[in-house]
Amino acid sequence: MISQTAEYALRAITFLASQNGTPRTTAQIAAHTQVPRGYLAKVMQSLGRAGLVHSQRGSLGGFVLAVDPGSLDIFRVISAVEPSRRARKNPLGSPEQMEMQPLNDRLDRAAEQIEETLRQTTVQELISREKGSASMPPDSVADA
């Protein structure tokens with residue numbers, strides 16, 4: 001239902017949310033979330049541009065979550081890496097295609113319901129549901 005890029009963004013965000021503000025490097029995030037490091041770097045750039053993560057340089061640098069996980073909904077995370085492709089108007093211009101309009105209307109309503117569910121689910125809810133601890137000791141994964 002969601003793209004691999006959106007899934008990777010959610011993995012990274014939930015991991016950072018579980019770190020209580022401790023900066024994590026791309027290598028650490030990639031190792032914990034099992035996201036390819038090169039792909040993750042691009043995802044993190046998009047999340048940074050959207051203001052969801054902040055990067056810190058230096059020996060104790062890395063990424064931190066820039067938004068309170070209790071107020072950050074997962075639709076916002078997904079939208080940061082993959083803007084909505086929902087048709088906002090009738091994409092069927094010709095009269096011959098108008099018989100498809102009832103289907104398009106139903107698909108749009110379904111997409112609207114999915115978006116609403118994603119807007120009602122916060123990152124905090126995701127990390128609260130995880131089994132066990134997602135946090136990691138500061139020196140457990142070296143920057144590779």
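The values are calculated or read from the model by the stated rules, or taken from the named source; none is laboratory data. Computed from a predicted structure; not experimentally measured. Note that each Cβ is placed from the backbone with ideal geometry, even for glycine, and that neighbours are counted across all protein chains shown. All accessible areas refer to the heavy atoms of the entire protein, side chains included, with ligands and DNA or RNA removed. Shrake-Rupley method; radii C 1.70, N 1.55, O 1.52, S 1.80 Å.
General observations
- Being open to solvent by 50 Å² or more (accessible area, probe 1.4 Å), in contact with a Pro (Cβ under 8 Å, 6 or more places away or on another chain) and at pLDDT 85 or above is a description that applies to residue 56.
- Selection from the stretch 24-53 of residues that are hydroxyl-bearing (Ser, Thr, Tyr) and more than 20 Å from residue 76 (Cβ to Cβ): 25, 26, 39
Quick grid of which residues meet (1) modelled with pLDDT under 90; (2) in a helix (DSSP H, G or I); (3) out of contact with any His (no Cβ under 8 Å at 6 or more places or on another chain):
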| residue | (1), (2), (3) |
| --- | --- |
| 102 | yes, yes, yes |
| 105 | yes, yes, yes |
| 113 | no, yes, yes |
| 116 | no, yes, yes |
| 126 | no, yes, yes |
| 133 | yes, no, yes |
| 136 | yes, no, no |
| 139 | yes, no, yes |
| 143 | yes, no, yes |
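Here is a yes/no grid of residues against (1) farther than 21 Å from residue 116 by Cα; (2) within 14 Å of the chain's Cα centre (by Cα); (3) without any contact (Cβ under 8 Å) to a residue 12 or more places away in the chain; (4) open to solvent by 20 Å² or more (accessible area, probe 1.4 Å):
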site	(1), (2), (3), (4)
23	yes, no, no, yes
36	yes, no, yes, yes
46	yes, yes, no, yes
77	no, yes, no, no
